[in-house]
Every structure is written in C-alpha cells, then in structure tokens.
Amino acid sequence: MEANWEKELSCASQCKRCHKPIEDKDQRILSVYDHQPICMQCKKEEEKRPDYGDASKQMISRCMQETNKPYGDPASYCFHHFCPFKCT
C-alpha cells in the first residue's frame with residue numbers, strides 16, 4: 001500500500017466505508033483497519049470501536065516496520081491514518 005497511498009488518499013472521491021462522495025475540499029483519512037481512504041465521519045465512527053486503540057498500535061508497528069519511517073513523518077503513509085488532508 002505504501003507505494004500508492006498518496007494517489008489513493010489525496011484525491012479519493014468516495015469513502016470506501018460509507019460510499020459517500022468526498023469533494024476535493026473535504027478532508028479524508030486512511031482507516032487504521034484496512035488502510036482505505038474514508039471520510040471524516042467514518043473516521044469518527046471508527047474511533048468509537050472498542051478495539052480502535054489496539055488496532056492503531058498494531059497498524060503503527062507494522063507500518064513503521066514496512067516503511068522504516070516514524071509514524072509521525074508526513075512523508076510516510078503511516079502519518080495519514082491520523083492526520084487528514086484534502087485533495088491537492
């Protein structure tokens with residue numbers, strides 16, 4: 001996923017979870033469960049799941065191993081599981 005995350009996320013036109021359209025001006029983010037671009041409302045729902053904390057930690061660990069970058073590095077797709085952005 002890392003190789004094409006920017007194209008997948010930056011201009012995703014539809015939420016992969018609820019299938020709602022995402023406009024260029026709208027924020028989107030990656031799901032910690034399946035790395036798919038989702039809308040911010042679905043991210044809020046995802047964060048309510050009882051296993052979200054554990055899933056986040058597991059995703060960060062796997063992501064850092066795969067990319068050899070810290071999850072807080074904006075150049076890494078790991079970062080965009082927690083920091084939304086708009087289509088550029």
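Name the residues in segment 46-85 that are in contact with a strand residue (DSSP E or B) (Cβ under 9 Å, 6 or more places away or on another chain), modelled with pLDDT of 80 or more and either surrounded by fewer than 18 Cβ atoms within 10 Å (Cβ to Cβ) or of a type in the set (D, E, K, R) (or both), would you?
Glu46, Phe82, Cys83, Pro84
Just checking, how many residues over segment 29-45 are surrounded by 15 or more Cβ atoms within 10 Å (Cβ to Cβ) and either on the phi > 0 side of the Ramachandran plot or in contact (Cβ under 8 Å) with a residue 40 or more places away in the chain (or both)?
Within segment 29-45, residues that are surrounded by 15 or more Cβ atoms within 10 Å (Cβ to Cβ) and either on the phi > 0 side of the Ramachandran plot or in contact (Cβ under 8 Å) with a residue 40 or more places away in the chain (or both) number 6.
I'd like to check something: does segment 17-25 contain any residue that is buried (at least 18 other Cβ atoms within 10 Å of the Cβ), in a loop (DSSP other than H, G, I, E, B), touching a strand residue (DSSP E or B) at 6+ places or on another chain (Cβ under 9 Å) and modelled with pLDDT of 95 or more?
Yes: one or more hits.
The conditions are (1) within 10 Å of the chain's Cα centre (by Cα); (2) more than 18 Å from Leu9 (Cα to Cα); (3) among the aliphatic types (A, V, I, L, M), and Val32 fails exactly one of them. Which is it?
The single condition Val32 does not satisfy is (2).
The values are calculated or read from the model by the stated rules, or taken from the named source; none is laboratory data. Given the structure is predicted, the values throughout are model-derived calculations rather than measurements. Glycine gets a Cβ as well: all are built from the backbone with ideal geometry, and neighbour counts include every protein chain shown.
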